[in-house]
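As structure tokens, the structure follows; a few thoughts come after it.
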Amino acid sequence: MSELSVNHLLGIKYLKEKDIQLIFETADHFKEVINRSIKKVPSLRDITIANIFFENSTRTKLSFELAEKRLSADVINFSAGQSSVKKGETLIDTVNNILSMKVDMVVMRHPNPGAGIFLSKHVKAAIVNAGDGAHEHPTQALLDSFSIREKLGDVAGKNVVIVGDILHSRVALSNIFALKLQGANVKVCGPKTLIPKHIESLGVEVETNLKKALNWCDVANMLRIQNERLDISYFPTTREYTQQFGVNKTLLDNLDKEIVIMHPGPINRGVEITSDVADSKQSIILNQVENGVAIRMAVIYLLASKIK
Ligand code: CP
């Protein structure tokens with residue numbers, strides 16, 4: 001397979017397993033490129049990309065921008081807070097105005113689930129979902145699986161537990177889709193109030209005992225509580241959440257085997273994960289961030305090759 005089966009990256013749900021393998025093989029090449037002294041290739045000199053962010057971001061925004069620049073694309077950045085959205089301009093009008101400046105691709109983060117899908121039906125450009133509310137964050141899931149593959153050799157057959165606020169997490173949903181597509185075994189662990197009803201229909205198991213979940217897994221992907229999406233209280237206090245679902249060094253050191261620790265960031269140190277775990281040799285958190293650039297280069301390159 002030499003091209004993606006999709007024209008947009010709206011969610012992992014719309015990808016085939018072969019798409020993921022193609023993205024990984026392409027990212028392997030770009031990872032080698034970004035470790036050279038000259039970290040740039042001329043591949044997308046004829047492509048212009050707009051990064052439009054309606055929600056805060058550190059990793060995803062900078063990683064996309066760097067990926068685009070490493071591919072020699074022209075890049076423009078838009079933050080809703082400083083834009084005419086504040087004067088009442090709609091999403092479609094905003095994007096169509098940007099596209100009239102001869103933009104080929106839009107990378108969008110938006111608080112509304114499905115915003116990228118909606119946009120893809122109304123504008124003429126390739127759309128990349130950089131996180132849509134509590135729905136999907138496909139490039140995060142791709143870079144997470146790529147990091148597991150890099151660390152453990154393969155994703156198929158590995159036991160992965162996703163711990164924390166599963167209910168409000170786009171990272172959890174995209175990871176579940178990506179891991180299951182590649183043949184991993186997936187459990188979710190967290191307070192019952194933060195686990196969606198019927199999540200087993202996605203082929204995952206629920207484990208509410210963190211120690212049991214950690215003893216089962218090869219990889220623990222720790223998620224933060226999405227406080228910005230909590231309208232009510234889902235657990236008594238943060239201290240009690242940490243006692244039941246936070247990972248600390250004592251817990252890790254008392255497991256039957258050494259497991260890999262992941263976190264998509266931003267970390268709330270001392271809540272879902274202690275500093276000595278986040279900064280331990282078992283943690284691949286900064287490798288995830290490094291791999292994000294190669295994965296985003298691969299996604300953009302492969303989508304751009306379909307519009308050339
Ligand atoms: N992981 C992630 O999406 O981080 P940002 O919100 O900083 O982009």
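The values are calculated or read from the model by the stated rules, or taken from the named source; none is laboratory data. For clarity, every value in this text was computed on a predicted model and none was experimentally measured. Cβ placement follows ideal geometry from the backbone for every residue including glycine, while neighbour counts extend to all protein chains displayed. The area values use the complete protein model at the heavy-atom level, side chains included, leaving out ligands, DNA and RNA. Shrake-Rupley method; radii C 1.70, N 1.55, O 1.52, S 1.80 Å.
Per-structure values
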item	result
Search result, residues across region 252-268 that are away from the ligand (no atom under 16 Å from the Cβ) and either acidic (Asp, Glu) or open to solvent by 40 Å² or more (accessible area, probe 1.4 Å) (or both)	253, 254, 256, 257, 258
Enumeration of residues in region 214-251 that are over 18 Å from residue 167 (Cα atoms) and surrounded by 13 or more Cβ atoms within 10 Å (Cβ to Cβ)	214, 215, 216, 217, 218, 219, 247, 248, 249, 251
Some residue of region 45-55 being assigned to a loop (DSSP other than H, G, I, E, B) and within 16 Å of the ligand (Cβ to nearest atom)	yes
Those residues of region 56-68 which are among the aliphatic types (A, V, I, L, M) and either surrounded by 23 or more Cβ atoms within 10 Å (Cβ to Cβ) or near the ligand (Cβ under 6 Å from one of its atoms) (or both), in sequence order	67
Breaking point among (1) in contact (Cβ under 8 Å) with a residue 40 or more places away in the chain; (2) aliphatic (A, V, I, L, M); (3) more than 27 Å from residue 263 (Cβ to Cβ); (4) open to solvent by less than 10 Å² (accessible area, probe 1.4 Å), for residue 117	(4)
Criterion violated by residue 146 - all others in (1) assigned by TED's automatic domain parsing to the domain that holds residue 266; (2) surrounded by fewer than 18 Cβ atoms within 10 Å (Cβ to Cβ); (3) within 16 Å of the ligand (Cβ to nearest atom) satisfied	(2)
Residue count, region 286-308 (criterion: closer than 25 Å to residue 261 by Cα and surrounded by fewer than 20 Cβ atoms within 10 Å (Cβ to Cβ))	4
Residue 186 vs. criteria of a type outside the set (Lys, Arg), touching a helix residue (DSSP H, G or I) at 6+ places or on another chain (Cβ under 6 Å) and either within 16 Å of the ligand (Cβ to nearest atom) or farther than 22 Å from residue 12 by Cα (or both)	no
The lone exception for residue 156 - which of (1) open to solvent by 10 Å² or more (accessible area, probe 1.4 Å); (2) within 21 Å of residue 241 (Cβ to Cβ); (3) of a type in the set (A, V, I, L, M) it fails	(2)
Residue check, residue 24 in contact with a helix residue (DSSP H, G or I) (Cβ under 6 Å, 6 or more places away or on another chain), under 30 Å from residue 202 (Cα atoms) and either within 16 Å of the ligand (Cβ to nearest atom) or assigned to a strand (DSSP E or B) (or both)	no
Some residue of region 35-52 being outside the structural domain of residue 148 (by TED's automatic domain parsing), surrounded by fewer than 17 Cβ atoms within 10 Å (Cβ to Cβ) and in contact (Cβ under 8 Å) with a residue 60 or more places away in the chain	yes
Scope region 101-134; condition part of a strand (DSSP E or B) and more than 15 Å from the ligand (Cβ to nearest atom); matching residues	105, 106, 126, 127
Exclusive hit being over 24 Å from residue 143 (Cα atoms), at pLDDT 95 or above and crowded, with 20+ Cβ neighbours inside 10 Å, set 95, 107	95
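Per-residue answers, yes or no, for (1) modelled with pLDDT under 95; (2) over 24 Å from the mean Cα position of the chain (by Cα):
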position	(1), (2)
13	no, no
29	no, no
43	no, yes
50	no, no
61	no, no
78	yes, no
84	yes, yes
102	no, yes
115	no, no
